[in-house]
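Here the structure is laid out as structure tokens; the discussion comes afterwards.
The values are calculated or read from the model by the stated rules, or taken from the named source; none is laboratory data. Small disclaimer: the values here were computed from a predicted structure and weren't measured. Please note: Cβ atoms are built from the backbone with ideal geometry, for glycine as well, and neighbour counts cover all protein chains shown. All accessible areas refer to the heavy atoms of the entire protein, side chains included, with ligands and DNA or RNA removed. Shrake-Rupley method; radii C 1.70, N 1.55, O 1.52, S 1.80 Å.
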Amino acid sequence: MPHELPKSYEPGAIETRWAEYWIKEKLFSVPTPPEGETRPVFMMMLPPPNVTGRLHMGHMLNQTQMDIIARWHRMRGFITLWLPGTDHASIATQMMVERELVKEGKKRRDLGREKFIERVWEWKKLYGGAILDQMKRLGVSVDWDREYFTMDENLSRAVREVFVRLYEDGLIYRGKYIVNWCPRCGTAISDLEVKHEDIAGKLWEIRYPVVGTGEFITVATTRPETMLGDTAVAVNEKDERYTHLRGKHVMLPLMNREIPIITDELAQPEFGTGAVKVTPSHDANDFEAGKRHNLPQIDVMDEHAHMNQNAGAYAGLDRYEARQRVLADLQQQGFLVGEKDYALALSKCERCGTVVEPRLSPQWFVKIKPLAEHAIEVVENGEITIAPENFKQMYLNWMYNIHDWCISRQLWWGHRIPAWHCQNCSEVIVAREEPSQCSCGGKLEQDPDVLDTWFSSGFLPFTALGWPEKTRDQEVFYPTTLLVTAYEILFLWVSRMIMTGCYFMKDHKQDPAIKEASGWGDKKDDSVPFRQVYIHALVRDADRQKMSKTKGNVIDPLEIIDRFGTDATRFTLAAMAAPGTDIAFSESRTDGYRAFANKIWNAARFMFMNVDRVEPGLRPGDGRGVRPSTTPLEDRWILSRFNRVTAEVNDALATYRFHEAANRIYDFFWGEFCDWYLELLKPRLNFEEGADNGTARIACANLVNLFDASLRLLHPVMPFITEEIWQAMYEGNPPLKSIALAGYPQADETQFDLAAETEMAILQDLIVNVRNVRAELKVEPKVKVPIEVFAPEPGIRAMIEQNRGAVERLANVEKIAFADGSLAKQAGARSTARFDVHVVYERKIDAAAERERLKKELEKLEKEFASNQRQLSNEQFLAKAPQKVVEGLRRREQELIGLRVKIKSQLDELG
Ligand SMILES: [Zn+2]
Ligand SMILES: [Zn+2]
């Protein structure tokens, strides 16, 4: 049986079936385009989710938006490559496996490095693909044949190559620096992996005796235990309170060590006593001051934040125990002179929540300034665009003030640093392959650290395309077209890809024919990793609260999908994604979009019932509709509307206004197509045995063509239901394997018909007004009533006469009488700018209720009038607004004035 759709729409089964079909048929796999290819290319990297990840609303939004853009390009004839992969996420994955070990009563050191890494690989094999399986349910149109993992052999080789080249170019160095250290994870973490928590802390004041004077200098600190590592006290040069003490020393309490008084900008006269302790091993600013003055660095803690042998009597204590003991001893010895409440922002490890300790340790760094210069330039000069616009400035501010990038991590899981330390001399050898021995003959050992995860993902746009080899894929797909990502990783990831892309791909040229065809002919720089960046919003809960586990308001996208379907969930995220505003996700909206899918489903069933009655041969055409000279109003109108909406949707998608695209399609498909057009069309679908039935066939063709085109318009947002119905339209024998490969509708301006749109608007207005009056008069639904209409303009009267059948049917009207004068002053009547209508019905109406209604209407009118006046008196607006808009407002002004007179006279009439 052709055109069979089940009675009720059940998204679950449909979605699973098509998701599997798309993968099985390799619909989104893109072989390397050969030389001479001239089609445009669209290329996008999926921000690789962590292998430890579980699909959350952020992914769901991100991937929905990317999928919409990818499908839209594919349907418009672009060679569309969307490249998926997963990230090894060194710290997150290592923690996951360590937690498993804890359950077995073991620590990673019990296993040793090699065994531990084996264990992580096993874990990855078992669980690392979970997030990709979840993505498959979303229907994402990625090329699964090109899926990568950031620790694949070829990507690992590329990472080593990058490291060695940067080292050889003098852009990687090893040095002792103050880093954020997590004592729990036992590793350095970047500034971006630290979260800050405001707490009510304490500020302690300690006085240090000045040697040989009997005076004291008072300093303040929030971490008194670090005083054990002080190597100076600093005062400001301009601070006259301390001029006489310059060049002298203080005796460090508890340690009995003499340390100098230095002058340095570290000390601010207006802050506290104007004197500060200097602890180069435990504070980043002090570290810099220490370098300026050649101060010794005394590290008083070990990697677990326990005091070490440099802490004298406090050695072995945990940092907080030591703090209490130090305070008690200072108090007892008369050095503690104050304790104040103090609000401070505590730095914690993003992964495990442990308080971070600034720690001096040997690390590997990337010298960033030389890389940043070009990366700033390409954004400033528009070679890369960042939208929304405000993120461009954020990016630039970050880049102007960027610090060297600490790339080493004291972890086991990840890309191990390709550097070998001689155990005999101090030689460090950086190499692509393991060297056999040092030139001194000494034994070599590889650096124990691994690289920051972002170090490898920061090169993906070119390493995932085969770098360091020069590949055809790079010629075609680099620069990638678009990156869609979250604000959170603008600095962690986006900025680094720009820096490394510009550096390593500086001699790269994209295939000129493809570049031109893809619309990038005016761009000069082909080293950039992408041409455009789009930063998406956050998904919050329905009350606009940020989702968090502690608040218990996390919405699981898979649960929403189970209840409403993927299509409805995708549609919600698209329809609510106004740029620059976060999405307050509400299930009631998703429920509404499930109803939208249902509406389309039922409309399809209606279509199939009718098309089945037409002889074979009538098949979906090009969506442009059949237009003989006598085309009825509803056909001219719907074709005009379809093409106008098509123009708006294409325009919205080109600038990432997803909400606009989704809402235009929704209003058109549900409101105009299903609610009006199908209803208007029904009488023309009457086939008679043995008759010519030409009209009915044209009506059917229009219906099928427009339905097909509307499905294609909707497909990027709701890929599953559109595929299901589209395939059914072809009775399982479609011209293409999928609607995803069919053409995306493009506006045909010759179909724009302003007259038809205006006329239909009046007709709809008339029908709606009659329906409303009927409801107010409480006319039984089955009862047909006569109406009187007064339309002063002859053209409008003629139009209503021509379409009287539609009015009678859709407003349940028995007979239309045309009056020669205004009908306004009576009950059951309505006035609009173009017509008056009176529903002739006996029932006495409630004068009070009618008065109330008219008052409300008047109020509404006054509001519109006021806003209209505001706009018309706003000179800035008038200067900028298109002529047509201003003319429209002026026309409306006149209409409103006329309406006001009518309503007021109706009110007078009621007394
Ligand atoms: Zn940690
Ligand atoms: Zn050596």
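Scanning the range 212-242 for residues that are open to solvent by less than 20 Å² (accessible area, probe 1.4 Å) and small (G, A, S) gives G229, A232, A234. When G382 is tested against (1) more than 30 Å from E215 (Cα to Cα); (2) more than 16 Å from ligand 2 (Cβ to nearest atom); (3) in contact with a Phe, Trp or Tyr (Cβ under 9 Å, 6 or more places away or on another chain); (4) at pLDDT 95 or above, just one condition goes unmet, and that condition is (3).
Against the numbered list (1) within 16 Å of ligand 2 (Cβ to nearest atom); (2) part of a strand (DSSP E or B), P358 comes up short only at (1). The condition of being more than 28 Å from I407 (Cβ to Cβ), more than 16 Å from ligand 2 (Cβ to nearest atom), part of a strand (DSSP E or B) and β-branched (V, I, T) holds for only one of T80, T64, that being T80.
The condition of being in contact (Cβ under 8 Å) with a residue 12 or more places away in the chain and touching a helix residue (DSSP H, G or I) at 6+ places or on another chain (Cβ under 7 Å) holds for only one of W144, W181, that being W144. Scanning the range 578-608 for residues that are basic (K, R) and within 19 Å of F707 (Cβ to Cβ) yields K599, R605. With respect to the conditions (1) within 26 Å of R17 (Cα to Cα); (2) surrounded by fewer than 19 Cβ atoms within 10 Å (Cβ to Cβ); (3) touching a Ser or Thr at 6+ places or on another chain (Cβ under 6 Å); (4) not β-branched (V, I, T), A747 falls short on a single one, namely (1). Meeting the requirement of 2 or more residues that are farther than 18 Å from A188 by Cβ, within 16 Å of ligand 2 (Cβ to nearest atom) and open to solvent by less than 20 Å² (accessible area, probe 1.4 Å), the strands (runs of 3 or more DSSP E) wholly within the range 385-495 are 419-422.
So for the range 348-367 (the condition being farther than 29 Å from G186 by Cβ and away from ligand 1 (no atom under 16 Å from the Cβ)), does at least one residue qualify? Explain how you work it out, then say what you get.
Within the range 348-367, the first condition is being farther than 29 Å from G186 by Cβ, and the residues that meet it are none.
No, because not a single residue in the range 348-367 is farther than 29 Å from G186 by Cβ and away from ligand 1 (no atom under 16 Å from the Cβ).
Please tell me if S822 is touching a residue at least 12 places away in the same chain (Cβ under 8 Å) and either part of a loop (DSSP other than H, G, I, E, B) or crowded, with 17+ Cβ neighbours inside 10 Å (or both). So S822 fits the description; yes. Against the list (1) open to solvent by less than 10 Å² (accessible area, probe 1.4 Å); (2) touching a His at 6+ places or on another chain (Cβ under 9 Å); (3) not acidic (D, E), the condition N50 fails is (1). Filter the range 421-454 for residues that are polar (S, T, N, Q) and within 16 Å of ligand 1 (Cβ to nearest atom) and give the result. Of everything in the range 421-454, just one residue is polar (S, T, N, Q) and within 16 Å of ligand 1 (Cβ to nearest atom), namely T453.
So in the range 22-33, with the set limited to residues that are out of contact with any helix residue (DSSP H, G or I) (no Cβ under 8 Å at 6 or more places or on another chain) and of a type outside the set (K, R), which one is least open to solvent (accessible area, probe 1.4 Å)? Let's see the steps before the verdict.
We begin by selecting, within the range 22-33, every residue out of contact with any helix residue (DSSP H, G or I) (no Cβ under 8 Å at 6 or more places or on another chain); these are 24-25, 31.
When the remaining residues are screened for being of a type outside the set (K, R), the result is 25, 31.
Working: E25: 56, P31: 104 Å².
Result: E25.
So in the range 343-355, with the set limited to residues that are part of a strand (DSSP E or B) and of a type in the set (G, A, S), which one is surrounded by the fewest Cβ atoms within 10 Å (Cβ to Cβ)? Working first, answer last.
So the first thing to find is which residues in the range 343-355 are part of a strand (DSSP E or B), and the list is 343-349, 355.
Keeping just the survivors that are of a type in the set (G, A, S) gives 343, 345, 347.
On the way: A343: 9, A345: 11, S347: 18.
Only one residue tops the list, namely A343.
The residue that is nearest to ligand 1 (Cβ to nearest atom), among those in the range 56-78 that are surrounded by fewer than 21 Cβ atoms within 10 Å (Cβ to Cβ) and of a type in the set (A, V, I, L, M, F, W, C), is F78. For the range 161-207, taking the residues that are part of a helix (DSSP H, G or I) and surrounded by fewer than 19 Cβ atoms within 10 Å (Cβ to Cβ), the one that is farthest from ligand 1 (Cβ to nearest atom) is identified as E168.
Across the range 96-110, the qualifying residues are those that are part of a helix (DSSP H, G or I) and surrounded by fewer than 18 Cβ atoms within 10 Å (Cβ to Cβ), and the one among them that is nearest to ligand 2 (Cβ to nearest atom) is R109. Sub-7 Å Cβ pairs linking a first residue in the range 104-115 that is of a type in the set (D, E, K, R) to a second residue that is open to solvent by less than 50 Å² (accessible area, probe 1.4 Å), at least 6 apart or interchain, are K107/L101; R108/E98; R108/L101; R108/F116; R108/W412; R113/W412, ordered by first then second residue. Set side by side, the residues Q333, Q297, Q324 differ, and just one is exposed (fewer than 14 other Cβ atoms within 10 Å of the Cβ) and either touching a Cys at 6+ places or on another chain (Cβ under 8 Å) or more than 19 Å from R207 (Cβ to Cβ) (or both), which is Q324.
For residues that are open to solvent by 80 Å² or more (accessible area, probe 1.4 Å) and not in a helix (DSSP H, G or I), tally how many sit in the range 300-321. Explain how you work it out, then say what you get.
Let us first name the residues in the range 300-321 that are open to solvent by 80 Å² or more (accessible area, probe 1.4 Å), namely 304, 309, 313, 320-321.
Among the residues that remain, those that are also not in a helix (DSSP H, G or I) are: 304.
Residues that pass the stated criteria total 1.
Of all the residues in the range 83-95, those that are away from ligand 1 (no atom under 16 Å from the Cβ) and either outside any loop (DSSP other than H, G, I, E, B) or over 30 Å from A574 (Cβ atoms) (or both) number 5. Scan the range 515-559 for residues that are surrounded by 14 or more Cβ atoms within 10 Å (Cβ to Cβ), out of contact with any Gly (no Cβ under 7 Å at 6 or more places or on another chain), without any contact (Cβ under 8 Å) to a residue 60 or more places away in the chain and not in a loop (DSSP other than H, G, I, E, B) and the total you get is 2.
Evaluating R843 against the criteria (1) modelled with pLDDT of 85 or more; (2) surrounded by fewer than 16 Cβ atoms within 10 Å (Cβ to Cβ) leaves one unmet condition, (1). Within this structure, E850 fails the test of being surrounded by 11 or more Cβ atoms within 10 Å (Cβ to Cβ), among the acidic types (D, E), closer than 23 Å to D836 by Cβ and at pLDDT 90 or above.
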